[in-house]
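Take a look at the structure set out below.
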Ligand code: UN1
């Protein structure tokens, strides 16, 4: 039976004013409807923004450690509901169950992390150049923030944005991807159960343009955070620049693994399979390029071909499944179109390349794990984000050449090198121009206590998740306070 998802506005669950609904389905079996959700319109967004505005003063005045206690309770509830929510992630989004549970775990992790931030939220106190005067910086919230989230981490990414914006004292309106409204609504329900006051978290479902863009450009909103496609992100960048509104963007990636001639090849192979085909390649951090040193190229490629061909596709709830479906028909077509583009560009398909046809897979969006060899760095399949189970192998002759290939594209989210040479890996740390670099590990698996963000066209340079430079920096702004207790006029820069 499908779930009835509702909007959440001012602490009350509500249908869209227009009464219309849309549905989400199981991408592994499209006959299974997962949820019916409100097809909201502008009026629903207007009400959610007003509710968030009305709740703002109360929330920002609640001491941050008290806000943190509510977030801590939410993390505890997430942990208690992990199995149920993990299964929902798998059913609504398609990733295999261990990854569905990982999605929820990432939300739990960020919940605990941000709860602790309630007792930090650091500013600085520094000496003044004048006597009897002190100076400090402190964090204040931005106000009402709009959060628009994707389907590929349907609980974790809303949680990254929600927990960080809430601990800073903002009130929020979350607009989830229309592919995964049930996952996002479960997270909102848990926040409500944890005791978030009415209006602090609002939730509105609906399409990206009519609801998402309207929300992010709404006059009652102070800042926005978006994770999604480059095309949508770049459009929002222009629109919000005109409004002079802070915008955090996480967009695409074309992440590379470099396999050097002295690498542990078995380990590198595991890393490529995990980074390339985990989540069916639908991570911004997925390993979609593998740059292999010519001395080990043929051996590595034949191993990869064999292992990729043996991956078992299927429904992610089945324990034997290793790769799930892609999210929908449009994404399936996009991936298959890129496979045709790769062939036309002269790359060689080693394995995969088709929509999977096995009798058990006909009701879902399954694409065979695909490996291209003979890929040149300037081919479209080596430069454009596919967001599917397709890996392109590029041969290189040296670390310098490999680093050039990693860096010479518009994206800069994640990269990785496999090598046993400590000097080569230290050089890679410096030379790979991406926001995240992995040494002897795949391009995926970032942890929440450090900033997560891409360089160049992968993002706007406002990383998410934790640590110094992470989401707290975006969702708060610094105020500087100078206090003069000398009782006389003192002039900075003049009195010396
Ligand atoms: C994404 O790549 O879309 O680093 C998010 C990871 C996860 C988050 C990925 N923690 O793989």
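The values are calculated or read from the model by the stated rules, or taken from the named source; none is laboratory data. Nothing here was measured: the structure is a model prediction, and the numbers come from that model. Positions of Cβ are backbone-derived with ideal geometry, glycine not excepted, and every protein chain shown enters the neighbour counts.
Within segment 280-304, which residues are touching a strand residue (DSSP E or B) at 6+ places or on another chain (Cβ under 9 Å) and either in the same structural domain as residue 154 (by TED's automatic domain parsing) or farther than 21 Å from residue 397 by Cα (or both)?
280, 281, 283, 284, 285, 286
Assuming residue 218 fulfils every condition listed in (1) within 16 Å of the ligand (Cβ to nearest atom); (2) surrounded by fewer than 24 Cβ atoms within 10 Å (Cβ to Cβ) apart from one, which condition is it?
(1)
From the set of residues in segment 227-244 that are over 17 Å from residue 455 (Cβ atoms) and buried (at least 20 other Cβ atoms within 10 Å of the Cβ), which is farthest from the ligand (Cβ to nearest atom)?
Taking segment 227-244 first, the residues over 17 Å from residue 455 (Cβ atoms) are 228-229, 231-232, 235-236, 238-244.
Still in the running and buried (at least 20 other Cβ atoms within 10 Å of the Cβ): 228, 236, 240.
Details: 228: 10, 236: 18, 240: 22 Å.
Filtering first and then ranking leaves 240.
How many of the residues in segment 140-158 are within 23 Å of residue 81 (Cβ to Cβ) and either more than 11 Å from the ligand (Cβ to nearest atom) or not in a helix (DSSP H, G or I) (or both)? Explain how you work it out, then say what you get.
First pass over segment 140-158, keeping only residues within 23 Å of residue 81 (Cβ to Cβ): 147, 149-158.
Filter once more, keeping what is either more than 11 Å from the ligand (Cβ to nearest atom) or not in a helix (DSSP H, G or I) (or both): 147, 149-155, 158.
Selection size over segment 140-158: 9.
Could you please find all residues in segment 245-268 being part of a helix (DSSP H, G or I) and surrounded by fewer than 22 Cβ atoms within 10 Å (Cβ to Cβ)?
Correct list: 265, 266, 267.
Pull up segment 110-139, narrow it to residues that are farther than 30 Å from residue 217 by Cβ and touching a helix residue (DSSP H, G or I) at 6+ places or on another chain (Cβ under 6 Å), then point me to the one that is nearest to the ligand (Cβ to nearest atom).
This residue is 112.
Have a look at 375, 335, 391, 357 and point out the one that is farther than 26 Å from residue 267 by Cβ, modelled with pLDDT of 95 or more and not assigned by TED's automatic domain parsing to the domain that holds residue 29. So that I can check it myself, show each step before the final result.
Numbers: 375 fails: farther than 26 Å from residue 267 by Cβ; 391 fails: farther than 26 Å from residue 267 by Cβ; 357 fails: modelled with pLDDT of 95 or more.
Every option except 335 fails the conditions.
Among the residues of segment 130-149, what is the count of those that are touching a strand residue (DSSP E or B) at 6+ places or on another chain (Cβ under 9 Å) and surrounded by fewer than 24 Cβ atoms within 10 Å (Cβ to Cβ)? Before you say what the answer is, go through the steps one by one.
Keep residues of segment 130-149 that are touching a strand residue (DSSP E or B) at 6+ places or on another chain (Cβ under 9 Å), which gives 130, 132-149.
Applying the additional criterion that residues be surrounded by fewer than 24 Cβ atoms within 10 Å (Cβ to Cβ) yields 130, 132-143.
Final tally of qualifying residues: 13.
Out of 296, 367, I need the residue that is in contact (Cβ under 8 Å) with a residue 24 or more places away in the chain and crowded, with 24+ Cβ neighbours inside 10 Å. Which one?
Working: 296 fails: crowded, with 24+ Cβ neighbours inside 10 Å.
Among 296, 367, only 367 is in contact (Cβ under 8 Å) with a residue 24 or more places away in the chain and crowded, with 24+ Cβ neighbours inside 10 Å.
Kindly indicate whether residue 301 is buried (at least 24 other Cβ atoms within 10 Å of the Cβ) and either without any contact (Cβ under 8 Å) to a residue 60 or more places away in the chain or more than 16 Å from the ligand (Cβ to nearest atom) (or both).
Judged against the criteria, residue 301 is not a match.
Do any strands (runs of 3 or more DSSP E) entirely within segment 403-486 hold 3 or more residues that are more than 16 Å from the ligand (Cβ to nearest atom), and if so, which?
476-484
Six or more apart or on different chains, Cβ under 6 Å: which pairs go from a residue in segment 265-280 that's on the phi > 0 side of the Ramachandran plot to one that's buried (at least 24 other Cβ atoms within 10 Å of the Cβ)? Could you list them?
279/95; 280/323; 280/324; 280/326; 280/389
Is it the case, given these coordinates, that residue 210 is modelled with pLDDT under 95, assigned to a helix (DSSP H, G or I) and surrounded by fewer than 23 Cβ atoms within 10 Å (Cβ to Cβ)? Working first, answer last.
Working: modelled with pLDDT under 95: yes; assigned to a helix (DSSP H, G or I): yes; surrounded by fewer than 23 Cβ atoms within 10 Å (Cβ to Cβ): yes.
Answer is yes for this residue.
Among the strands (runs of 3 or more DSSP E) confined wholly to segment 1-77, which include 1 or more residues that are within 30 Å of residue 120 (Cβ to Cβ), within 26 Å of the chain's Cα centre (by Cα) and modelled with pLDDT of 95 or more? Break it down stepwise before answering.
Values: elements: 7-9, 12-14, 21-26, 29-38.
Output list reads 7-9.
Please go through segment 249-278 and give me each residue that is away from the ligand (no atom under 14 Å from the Cβ) and in contact with a strand residue (DSSP E or B) (Cβ under 6 Å, 6 or more places away or on another chain), ordered by number.
Filtering segment 249-278 down to residues away from the ligand (no atom under 14 Å from the Cβ) leaves 256, 258-270, 272-273.
256, 258, 259, 260, 261, 263, 268, 272 - these are the residues of segment 249-278 that are away from the ligand (no atom under 14 Å from the Cβ) and in contact with a strand residue (DSSP E or B) (Cβ under 6 Å, 6 or more places away or on another chain).
Condition check ((1) within 27 Å of residue 32 (Cα to Cα); (2) under 29 Å from the mean Cα position of the chain (by Cα); (3) not assigned by TED's automatic domain parsing to the domain that holds residue 27) across all residues:
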| site | (1), (2), (3) |
| --- | --- |
| 323 | yes, yes, yes |
| 327 | yes, yes, yes |
| 341 | no, yes, yes |
| 344 | no, no, yes |
| 362 | yes, no, yes |
